[in-house]
Amino acid sequence: MFSNSFLPIAAPLKFYAVVPSADWVARMVDAGANTVQLRNKTAIGSTLYREIERSVAYAKDSPTQLFINDFWWEAIDCGAYGVHLGQEDLESADLVMIQSAGLRLGVSTHSTDELIKALAVKPSYVACGAVFPTKTKAMSSQPQGLDKLRQYVIQAGSTPTVAIGGIDLSNAREVLATGVSSLAVVRAVTEAAEPEKTVKAFQTLWQE
């Protein structure tokens with residue numbers, strides 16, 4: 001589909017926080033999260049644009065790599081580092097425009113076929129899930145489990161892989177043992193008593 005790959009990530013994705021607002025993006029940047037995704041499902045119009053704009057400003061000049069979920073046009077306009085798309089968005093998004101603007105691209109996958117489809121556009125990374133049952137959003141597919149995750153890591157080859165879905169500190173080590181590049185979490189950080197300490201606790205896993 002593309003003669004060129006999307007830009008590679010600048011640094012290992014490692015701990016990947018998926019958060020609902022610009023204020024949460026700011027907290028994660030301040031906490032030193034390696035990667036953050038703004039996934040705002042409630043704001044619209046100028047309110048949404050402002051959330052994206054603020055998020056980009058918070059992450060600018062920091063080591064944190066910020067991805068905007070779904071809203072690729074706004075991500076381009078605000079000068080975001082990257083955009084994350086679901087499978088359905090691959091059909092409607094202008095991938096050439098995203099690529100030409102210099103944004104990195106992450107793509108969600110939930111099966112071998114979806115991973116093949118995602119890898120065909122030569123993204124910056126692929127997300128594989130849900131690994132475990134999750135209450136974050138309704139899933140049309142069953143949890144993939146660790147054995148399938150290992151297969152996806154092999155299938156992805158040199159493309160970085162992000163594991164997502166039901167991951168917390170109690171199972172993070174066994175997920176990392178599959179060879180994935182990154183662990184993405186939602187509730188494990190947004191519902192944590194001390195989110196900043198949770199970020200550091202996850203990050204130590206890459207030092208073991």
Expected-Rg normalisation [2.2 N^0.38 Å, Cα atoms] applied to segment 1-85:
1.04
May I ask you to sort Y152, Y49, Y58, Y16 by Cβ crowding, counting other Cβ atoms within 10 Å and putting the fewest first?
Y49, Y58, Y152, Y16
Quick one: M28, M97, fewest Cβ neighbours within 10 Å first, how do they rank?
M97, M28
Sorted from largest down, what three extents in whole angstroms do the Cα atoms of segment 14-207 have along their principal axes?
42, 39, 29
Ranked W72, W24, criterion: other C-beta atoms within 10 Å, fewest first
W24, W72
Volume per residue (Å³) of the convex hull spanned by the alpha carbons of segment 48-91 is 62
Under a crude label model (7 Å from the Cα following the beta-carbon direction), how far is L48 from D147 in nanometres?
4.0
Too-long pairs where the Cα-Cα distance tops 27 Å, listed order kept, from K60/K148; K60/K122; K14/K41; K148/K197; K122/K200; K122/K197
K60/K148; K148/K197; K122/K200; K122/K197
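All of the numbers you see were taken from the coordinates with simple rules; none came from a lab. Computed from a predicted structure; not experimentally measured. Here Cβ is always computed from backbone atoms with ideal geometry, including for glycine, and neighbour counts include all displayed protein chains.
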